[in-house]
Amino acid sequence: MNDNVVMVFTSKPLETMINEGGSGYWSANKKRLEKCSYVIATKSNTLREHFPSNTDIKQGAAFLVGKISNIAGSPTGSRLVIQFSEYAEINIPDAWTGNRNPVAYTDVTSFQNEHKVEFSGLEWKEFPEVDIKLESEVLPLTISEAKEGLAKTLDIDPSCIEIKINA
């Protein structure tokens, strides 16, 4: 049986994926993503002003293959991050299908045959593990930190904030 592959059309380079803990933030079917073994990132120049690296990789080229380890929620809560345990850097021109949706599916055999690449022959590297902080996760903080955060939110001086605790 062929492994399933999710292909993503992304402006984000590897460095950003490492900082975000994977490839994201996708609006996709989590159950379908969980059936996939690999993610293939293909280059989009759509947001190149935000992500100027990968200049040697052309639009639509596959630049990364990752072995999927988990599908996690994103910090925004409504989207998903495709996490991977290992990755290999590649440069395969014209790998993107041209699909208008930035998430597409294929299988390993079809991709390997079409693009003349063997996943087993790639140089795999360990993907750094990053703890993704979800937006709904509330972290412990001191009274001073709470005042500073509220002051920034309200655009006022922290000295204007009083916190009363009734325990």
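Order Lys43, Lys67 by their accessible area, 1.4 angstrom probe, all chains in place, largest first.
These residues rank, largest area first, as Lys67, Lys43.
Quick one: which of Lys30/Lys58; Lys12/Lys35; Lys31/Lys67; Lys43/Lys152; Lys58/Lys125; Lys58/Lys116 span more than 26 angstrom between C-alpha atoms?
Pairs exceeding 26 Å: Lys30/Lys58; Lys43/Lys152.
Arrange the residues Arg79, Arg32 by how much accessible surface each exposes, largest first, with a 1.4 angstrom probe.
Ranked from most to least accessible, the order is Arg32, Arg79.
Could you tell me the calculated FRET efficiency between Arg100 and Lys31, based on Cβ-Cβ distance and R0 = 25 angstrom, to the nearest 0.05?
It comes to 0.65.
What full-extension length gain, to one decimal in nm, is calculated for Ala167 and Leu122 as 0.36 nm per residue of separation minus the Cα-Cα distance?
This chain segment gains 10.3 nm when fully extended.
Given the Cα-Cα distance of Arg79 and Ala151 and 0.36 nm per residue of separation, how much length would full extension add, in nm?
23.0 nm
The values are calculated or read from the model by the stated rules, or taken from the named source; none is laboratory data. What you are looking at is a predicted structure, and each value in this text was computed from that prediction instead of being measured. Heads up, the Cβs are rebuilt from the backbone with ideal geometry, glycines too, and the neighbour counts pull from every protein chain shown. Heads up: the accessible areas ignore ligands, DNA and RNA and are worked out on the full protein's heavy atoms, side chains in. Shrake-Rupley method; radii C 1.70, N 1.55, O 1.52, S 1.80 Å.
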